[in-house]
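Below you'll find the structure, written out as structure tokens, and then a few comments.
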Amino acid sequence: SGGRIGFNSSEYRKLLLTSRRQIKEAEKNMDENTTSFIPGNWTRTYLTRLSLHYFIILMASCGARTEEIVGSKGIAHGRITVVEKDPSGKKLPTNERYLMLAVKGKTGLRDVYCRNSGYHAYKKFVERCCPNHKKHDLLFPHSPIVGLKNLLNKADLRYDRWNRKRDSKSLRHYFIACQLARGDDVWSVSVQCGTSPEVIQKHYVPEAKVQQYKEVILNPKKVELL
């Protein structure tokens, strides 16, 4: 049995760097598009690319299934809890804040912890993409799957070294591998991701080598908040 198709930390960093470059491209064209010489609705393209960027970071920070987050059956803003204080009411340091997501998946309802990188991504996403959202509004009403496929191609990351295709599931696999490389036990990762310990043990443990995820373990802010 082989492992799932994910990223190592340098590949994930490359994906985010490529995403950031295409956001800047759209932003530049949006600012310069005062005539009809540059085709396309660059404001819409800019917001779409921003949304994709934050989608990538959120998915890689929580390990949820794509269908638990995206589309008509995905998560609404009202099921996202922004945790900025400890149980006593004291404010947490910025680098310790996180999200709790109440997701509905094929294994039923569960709470999903979203790491600090996901907290920052969500705050920026709301500020830049949907500042006037209501609690019943879906987080990602339109699927970013096609945009992710195009970005993977642009970053030369669509296929791994065994010529297997990457897609949105690869972000979930990346999260799981990172948590295992950090030292999380199989049972806690399985609860977080809504799958069995046997699946984690069989498909992820053999490939969760610390050296593959060294960058994100030693300096997650540098890698994930691009």
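The values are calculated or read from the model by the stated rules, or taken from the named source; none is laboratory data. What you see is a predicted model; the values in this text were computed from it and never measured. Cβ sites come from the backbone with ideal geometry, for glycine too, and all protein chains shown count toward neighbours. The protein model used for the area step is the full one, side chains on, heavy atoms only, and it has no ligands, DNA or RNA in it. Shrake-Rupley method; radii C 1.70, N 1.55, O 1.52, S 1.80 Å.
Please tell me if Val146 is in a strand (DSSP E or B), open to solvent by 40 Å² or more (accessible area, probe 1.4 Å) and under 19 Å from Ser51 (Cα atoms). Even if it seems obvious, please write down each step before you answer.
Numbers: in a strand (DSSP E or B): no; open to solvent by 40 Å² or more (accessible area, probe 1.4 Å): yes; under 19 Å from Ser51 (Cα atoms): yes.
It is false that Val146 is in a strand (DSSP E or B), open to solvent by 40 Å² or more (accessible area, probe 1.4 Å) and under 19 Å from Ser51 (Cα atoms).
Can you tell me which residue is nearest to Glu224 (Cα to Cα) among those in region 71-126 that are of a type in the set (Lys, Arg), open to solvent by less than 80 Å² (accessible area, probe 1.4 Å) and assigned to a loop (DSSP other than H, G, I, E, B)? I'd like the intermediate steps shown before the answer.
Initially, region 71-126 is screened for residues of a type in the set (Lys, Arg), giving 73, 79, 85, 90-91, 97, 104, 106, 110, 115, 123-124.
Subsequent filtering for residues that are open to solvent by less than 80 Å² (accessible area, probe 1.4 Å) retains 79, 97, 110, 115.
Of the ones still in play, those that are also assigned to a loop (DSSP other than H, G, I, E, B) are 97, 115.
Details: Arg97: 15, Arg115: 11 Å.
Selected residue: Arg115.
Right, Val216: in contact (Cβ under 8 Å) with a residue 40 or more places away in the chain and touching a Leu at 6+ places or on another chain (Cβ under 7 Å) or not?
No, not satisfied.
In region 52-68, what residues are surrounded by 20 or more Cβ atoms within 10 Å (Cβ to Cβ) and more than 10 Å from the chain's Cα centre (by Cα)?
First, pick out the residues of region 52-68 that are surrounded by 20 or more Cβ atoms within 10 Å (Cβ to Cβ): 52-66, 68.
If the condition is that a residue be surrounded by 20 or more Cβ atoms within 10 Å (Cβ to Cβ) and more than 10 Å from the chain's Cα centre (by Cα), then Arg65, Glu68 are the ones that fit.
Just a yes or no: is a residue in region 74-84 more than 23 Å from Leu16 (Cα to Cα), free of Cβ contacts under 8 Å to residues at least 40 places away in the same chain and touching a helix residue (DSSP H, G or I) at 6+ places or on another chain (Cβ under 9 Å)?
yes
For Leu151, which of the numbered conditions (1) touching a Lys or Arg at 6+ places or on another chain (Cβ under 9 Å); (2) open to solvent by 30 Å² or more (accessible area, probe 1.4 Å) fails to hold?
(2)
Restricting to region 46-70, count the residues that are assigned to a helix (DSSP H, G or I), closer than 17 Å to Lys169 by Cα and of a type in the set (D, E, K, R). Please lay out each step first, then the result.
The initial filter retains those residues of region 46-70 that are assigned to a helix (DSSP H, G or I), namely 46-62, 66-69.
Among the residues that remain, those that are also closer than 17 Å to Lys169 by Cα are: 52-62, 66-69.
Within this subset, residues satisfying the condition of being of a type in the set (D, E, K, R) are 67-68.
Qualifying residue count, region 46-70: 2.
Does Arg166 fit the bill of being among the basic types (Lys, Arg), within 19 Å of the chain's Cα centre (by Cα), surrounded by 16 or more Cβ atoms within 10 Å (Cβ to Cβ) and more than 14 Å from Ala64 (Cα to Cα)?
So Arg166 passes the test.
Let's see how each residue does on (1) touching a residue at least 12 places away in the same chain (Cβ under 8 Å); (2) more than 18 Å from Ile5 (Cα to Cα); (3) open to solvent by less than 20 Å² (accessible area, probe 1.4 Å):
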position	(1), (2), (3)
His136	yes, yes, no
Pro141	yes, yes, no
Arg161	no, no, no
Gln179	yes, no, yes
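I'd like the full set of residues that are under 17 Å from the mean Cα position of the chain (by Cα) and among the aliphatic types (A, V, I, L, M), limited to region 69-95.
Residues satisfying the conditions are Ile69, Val70, Ile75, Ala76, Ile80, Val82.
So, in region 181-223, of the ones that are under 15 Å from Tyr113 (Cβ atoms) and of a type in the set (A, V, I, L, M), which residue ends up least open to solvent (accessible area, probe 1.4 Å)?
Across region 181-223, the extreme among qualifying residues is Val189.
Could you tell me which numbered condition Arg21 fails, if it satisfies all but one of (1) open to solvent by 30 Å² or more (accessible area, probe 1.4 Å); (2) at pLDDT below 95?
That leaves (2) as the condition not met.
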